[in-house]
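To start, the structure under review is shown below, and the notes come after it.
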Amino acid sequence: MIRAIRACKTAAEERAVVRRECAAIRTAISENEPALRHRNMAKLMFIHMLGYPTHFAHMECLKLIAAAGYPEKRVGYLGLMLLLDERQEVLMLVTNSLKQDLNHPNQFIVGLALCALGNICSAEMARDLSPEVERLMRSREVNTKKKAALCSIRIVRKVPDLAENFMALAASLLKEKHHGVLISAIQLCTELCKASKDALEYLRKNCIEGLVRILRDVSNSSYAPEYDVSGIADPFLHIRVLKLMRILGQGDADCSEYMNDILAQVATKTDSNKNAGNAILYECVQTIMGIEATSGLRVLAINILGRFLSNRDNNIRYVALNMLMRAIAVDALAVQRHRTTILECVKDADASIRKRALELVFLLVNDTNVKPLTKELIDYLSIADPDFKGDLTSKICSIVEKFSQEKLWYLDQMFKVLSLAGNHVKDDVCHALIVVLSNASELQGYSVRSLYKALQAYGKQGSLVRVAVWCIGEYGEMLVNNVGMLDGEEKITVTESDAVDAVEIALNRHSADATTGAMCLVALLKLSSRFPSTSERVKQIVARNKENAVLELQQRSIEFSSIIQRHQSIRSSLLERMPVLDEASYLVKRATATQATISANKHAPTVAPGGLKLPNGVAKPTSAPLADLLDLSSDDAPASTTTSTTTPNDFLQDLLGIGGVSTSTAGVPSTASTDILMDLLSIGSSPLQNGTPGQESKPVHAVPEAIDLLGSLSSTTSVSAETKPTRLVSQGMDLLDGLSSSTSVSGLEKTVHPSITAFQSTTLKITFDLKRQPGNPRETTIHATFTNLTSSTYTDFIFQAAVPKFIQLKLDPASGNTVPANGNGSVTQGLSVTNNQQGQKPLAMRIRMSYKVNGEDRLEQGQVSNFPSGL
């Protein structure tokens, strides 16, 4: 049959042969031919191994087991173990035959029954046959005792309650001389420790001496061909004993103390030139680290792992690195002694060893060794494989951020990493670096010079380009004038034109990257203000991107060209140096962002309607600093739109407005534009409309080339308190129309102003009571009342407001931070606004309310556009 199946050339031929044989076997079963039964069972086992069904012959196994002869029983038990498992109901019928065979005078038949029981017994069979197995463990036959011990392991696993019946028997077997019985007994003891705490305590008291004796005997034994493996006496018994010692000694000082001497002997006498010897040493180290060993013994174990690191076998080095990572928690000082060897493993040709060694180095770093370790890693970064640079860069950045004690050292190391592997540095690392630069005023000159030199040499590194361009845009005058020179620093000669050249080259080289391109355009715009002589050239460079395929760059080019050409009066104030970023707030945001990223791996991230979708997938925050209200590139939803998201913002993206996409809501009357600058400075204006007055225009989703977001500052526009804000509708529209000094105002004669509803949504209502201060017509006192329109109480309520530069705002403390539900009470807060251009420009205000509902953060924001005229 086997020859015929192997001769088949196709699966169809094989199936035909199997069907033919199965039909012949069924015929023999129906005719009840005992002489062919064992032969047919052998065929069925082969057919079963090929994957064909053999369930029709299960009863034949039972008939063979019930036969009197050993050959029939052997085939029957083999078929039983191969064709059936413990879930088969037929198995219950074999219990009686097993019991009879366990009591058979022939030790070989007893061995067959024990072997079958140890492989397929169920819980019911274990309970029924446990007494027979216990009796056989006391047998005089070595093979019977060994198989009974192995069978009892299955019984204990199936019925842990029976563990107490085997404790004394297992302990007595440890006194045997035969290694097979000893290994079986030790395996049984290990299983008993896992199954029962009582068994663990019993074995600690009664077995520890026996285990020490076994280990000493096998370590000191002379050459025995029966157990020798490469000159090592029975390494399998060595390892089994050491594993059981680890279980018994864990958390028990007395047992551990009793083992110390023999463990030291094994660790020092075992030959490490043989693979079997290394296996014993590794298990010995694991046992030493797992029990309450002495410090000297632990140092010995770690030194063994250090020797493993010098081994030529990659597997040995890998397991040594794994073990050292766990050993750091036990004795970090001993592991530090092998720092040099571990660093060499970081440079290994094997990728798995490199990665594991890098993780170990990261754990080894502390305040005393951070500088030499970082230098070694950065030196290797220049020659590391591209596939490994990402992990290596990430670890170096983490080390530098975590252990830097002085900002100059931190900046130097980060500049080196950006220069050597800038394409592998993550965005959040660059953002953290920019925050540090913003706060290190005394190092800004040094930083911009260092980055300028790095940019000349390593201009293809993306992250380096972004950080360098940002610094040149912010601190370009420091670069040109060599401001803030440090001791020992060499002066460099950089002209205004050179600074613009550097940014232009970066823009051309990285034009495909929208984020880098946008940062280059912002830097050029700022340089045009810092260096007026380069203004015309910057205008030409910026104008080249007016037809850029990337909409973000196209829009920025159009807007920036308008600023350079038509808004000289506000350009210097608009392009002032960024304020110092709050480092503590950023660190909190970054930690929150990390947690949010971890959560996002489990749940798909969601962005609320109108939320800003950034390149790195981080959504706009619900609670950002007050400065966020004045973000010139804010892409928030229209006013009175409630957003509910807890994902934190990307700080640098938020400040630079990079990657934002303007949004508008079609068909819904809007009270606020998506551009915050328009919100703050164009309230009440009547922009040009593409149709008759009062006719609502359709939203424009793309920015036409002729749109000027900052144009016509000198245009005259009539302003009325009843004017309704309109959307962006036509070419030639200017979002800053209506800001001229000749603007006329209606309603100035009113002195008593009624209350206004400043904001109302389905959840919150805000009322302003207005009162003009006598003797100072420019100052208006506002009494704000916040009313909760829902059935849930608002907690941690915070009100924020922002106004244009010509208005001064003063906020008094609120009456409380909890707004009762269903309007049953309210929170009040006083505001004082002074319009320094009262009569020329209308009062404008942008507001934001953040609070919690049942612990969940909520955010609402809008624009107050219905102030009475004349304020």
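The values are calculated or read from the model by the stated rules, or taken from the named source; none is laboratory data. No experiment lies behind these values; they were computed from the predicted model shown. Cβ placement follows ideal geometry from the backbone for every residue including glycine, while neighbour counts extend to all protein chains displayed. The area values use the complete protein model at the heavy-atom level, side chains included, leaving out ligands, DNA and RNA. Shrake-Rupley method; radii C 1.70, N 1.55, O 1.52, S 1.80 Å.
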**Request:** Could you please find all residues in region 471-497 being in contact with a helix residue (DSSP H, G or I) (Cβ under 8 Å, 6 or more places away or on another chain), acidic (Asp, Glu) and open to solvent by 30 Å² or more (accessible area, probe 1.4 Å)?
**Result:** 477, 489, 496
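Residues to consider are 544, 571, 556; find the one that is at negative phi and either part of a loop (DSSP other than H, G, I, E, B) or open to solvent by 30 Å² or more (accessible area, probe 1.4 Å) (or both).
Numbers: 571 fails: either part of a loop (DSSP other than H, G, I, E, B) or open to solvent by 30 Å² or more (accessible area, probe 1.4 Å) (or both); 556 fails: either part of a loop (DSSP other than H, G, I, E, B) or open to solvent by 30 Å² or more (accessible area, probe 1.4 Å) (or both).
Of the residues listed, the single one that is at negative phi and either part of a loop (DSSP other than H, G, I, E, B) or open to solvent by 30 Å² or more (accessible area, probe 1.4 Å) (or both) is 544.
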**Request:** Could you tell me whether any residue of region 437-451 is outside any helix (DSSP H, G or I), among the charged types (D, E, K, R) and over 19 Å from residue 419 (Cβ atoms)?
**Result:** no
**Request:** Search region 66-87 for residues that are within 19 Å of residue 36 (Cβ to Cβ) and open to solvent by 70 Å² or more (accessible area, probe 1.4 Å) and pair each with any residue that is modelled with pLDDT of 90 or more and not in a helix (DSSP H, G or I) when their beta-carbon atoms are under 9 Å apart and the residues are at least 6 apart or on different chains.
**Result:** 70/106
**Request:** Spot the failing condition for residue 551; the list is (1) more than 32 Å from the chain's Cα centre (by Cα); (2) modelled with pLDDT of 85 or more; (3) open to solvent by 30 Å² or more (accessible area, probe 1.4 Å), and only one is missed.
**Result:** (1)
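For region 494-522, give me the residue count where each residue is farther than 17 Å from residue 450 by Cα and among the hydrophobic types (A, V, I, L, M, F, W, C).
9
Residue-wise test of (1) open to solvent by 30 Å² or more (accessible area, probe 1.4 Å); (2) over 22 Å from residue 70 (Cα atoms); (3) touching a Ser or Thr at 6+ places or on another chain (Cβ under 7 Å).
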residue: 96; (1), (2), (3): yes, no, no
residue: 109; (1), (2), (3): no, no, no
residue: 116; (1), (2), (3): no, no, no
residue: 122; (1), (2), (3): no, yes, no
residue: 146; (1), (2), (3): yes, no, yes
residue: 149; (1), (2), (3): no, yes, yes
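Can you say whether residue 494 is more than 30 Å from residue 587 (Cβ to Cβ), aliphatic (A, V, I, L, M) and part of a loop (DSSP other than H, G, I, E, B), as far as the supplied structure shows? Step through it out loud before you land on a result.
Values: more than 30 Å from residue 587 (Cβ to Cβ): yes; aliphatic (A, V, I, L, M): yes; part of a loop (DSSP other than H, G, I, E, B): yes.
It is true that residue 494 is more than 30 Å from residue 587 (Cβ to Cβ), aliphatic (A, V, I, L, M) and part of a loop (DSSP other than H, G, I, E, B).
For every residue, the table says whether it meets (1) touching a residue at least 24 places away in the same chain (Cβ under 8 Å); (2) within 37 Å of the chain's Cα centre (by Cα); (3) open to solvent by less than 30 Å² (accessible area, probe 1.4 Å).
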| residue | (1), (2), (3) |
| --- | --- |
| 242 | yes, no, yes |
| 247 | yes, yes, no |
| 262 | yes, no, yes |
| 265 | yes, no, no |
| 272 | yes, no, no |
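How many residues are free of Cβ contacts under 8 Å to residues at least 40 places away in the same chain, of a type outside the set (Val, Ile, Thr), part of a helix (DSSP H, G or I) and open to solvent by less than 30 Å² (accessible area, probe 1.4 Å) if we restrict to region 370-385? Let's see the steps before the verdict.
Of the residues in region 370-385, the ones free of Cβ contacts under 8 Å to residues at least 40 places away in the same chain are 370-377, 379-380, 382-385.
Checking which are of a type outside the set (Val, Ile, Thr) leaves us with 371-373, 375-377, 379-380, 382, 384-385.
If we keep only those that are part of a helix (DSSP H, G or I) as well, we get 371-373, 375-377, 379-380.
Add one more test, that the residue is open to solvent by less than 30 Å² (accessible area, probe 1.4 Å), and what stays is 373, 377, 380.
Residues in region 370-385 being free of Cβ contacts under 8 Å to residues at least 40 places away in the same chain, of a type outside the set (Val, Ile, Thr), part of a helix (DSSP H, G or I) and open to solvent by less than 30 Å² (accessible area, probe 1.4 Å): 3 in total.
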**Message:** For the structure I just gave you, tell me whether residue 388 is in a helix (DSSP H, G or I) and either open to solvent by 40 Å² or more (accessible area, probe 1.4 Å) or under 14 Å from residue 466 (Cβ atoms) (or both).
**Reply:** no
**Asked** Could you give every pair whose Cβ atoms fall below 8 Å, whose first residue belongs to region 115-135 and is in contact (Cβ under 8 Å) with a residue 24 or more places away in the chain and among the basic types (Lys, Arg), and whose second residue is open to solvent by less than 70 Å² (accessible area, probe 1.4 Å) and part of a helix (DSSP H, G or I), counting only separations of at least 6 or pairs across chains?
**Response** 127/162
**Item:** Those residues of region 303-333 which are without any contact (Cβ under 8 Å) to a residue 24 or more places away in the chain and not hydrophobic (A, V, I, L, M, F, W, C), in sequence order
**Value:** 312, 315
**Request:** Go through (1) among the basic types (Lys, Arg); (2) within 27 Å of residue 15 (Cβ to Cβ); (3) open to solvent by 80 Å² or more (accessible area, probe 1.4 Å) and name the single condition residue 37 misses.
**Result:** (3)
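So that you can scan it fast, the table gives a plain yes or no per residue for (1) among the hydroxyl-bearing types (Ser, Thr, Tyr); (2) at pLDDT 90 or above:
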position	(1), (2)
184	yes, yes
212	no, yes
221	yes, no
242	no, yes
247	no, yes
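Picking from 400, 361, 417, which residue would you name as being surrounded by 17 or more Cβ atoms within 10 Å (Cβ to Cβ), aliphatic (A, V, I, L, M), farther than 26 Å from residue 471 by Cα and modelled with pLDDT of 90 or more?
After ruling out the rest, the residue left standing is 361.
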**Message:** What are the pairs with Cβ atoms under 7 angstrom where one residue, in region 778-799, is basic (Lys, Arg) and the other, located anywhere, is surrounded by fewer than 18 Cβ atoms within 10 Å (Cβ to Cβ) and not in a strand (DSSP E or B)? Sequence gap at least six, or different chains.
**Reply:** 778/836
**Message:** Here's a check for you: in region 783-825, which residue that is crowded, with 18+ Cβ neighbours inside 10 Å, hydrophobic (A, V, I, L, M, F, W, C) and farther than 15 Å from residue 849 by Cβ is nearest to the chain's Cα centre (by Cα)?
**Reply:** 803
**Message:** As an exercise: evaluate residue 861 against (1) open to solvent by 50 Å² or more (accessible area, probe 1.4 Å); (2) in contact (Cβ under 8 Å) with a residue 60 or more places away in the chain; (3) assigned to a strand (DSSP E or B) and give the number of the one condition it does not meet.
**Reply:** (1)
**Request:** State whether the residues of region 294-307 include one that is under 30 Å from residue 240 (Cβ atoms) and not in a helix (DSSP H, G or I).
**Result:** yes
**Request:** Consider residue 28 carefully, then state whether it is modelled with pLDDT under 90, assigned to a loop (DSSP other than H, G, I, E, B) and either within 25 Å of residue 102 (Cβ to Cβ) or in contact with a helix residue (DSSP H, G or I) (Cβ under 7 Å, 6 or more places away or on another chain) (or both).
**Result:** no
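So which residues in region 77-91 are part of a helix (DSSP H, G or I) and under 46 Å from the mean Cα position of the chain (by Cα)? Before you say what the answer is, go through the steps one by one.
So in region 77-91, the residues part of a helix (DSSP H, G or I) come out as 77-83, 89-91.
Correct list: 82 only.
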**Prompt:** Which condition number does residue 51 fail, the rest of (1) within 28 Å of residue 126 (Cβ to Cβ); (2) open to solvent by 30 Å² or more (accessible area, probe 1.4 Å); (3) of a type in the set (Gly, Ala, Ser) being met?
**Reply:** (1)
**Fill in**
The one condition residue 174 fails out of (1) aliphatic (A, V, I, L, M); (2) buried (at least 22 other Cβ atoms within 10 Å of the Cβ); (3) within 44 Å of the chain's Cα centre (by Cα) is (3)
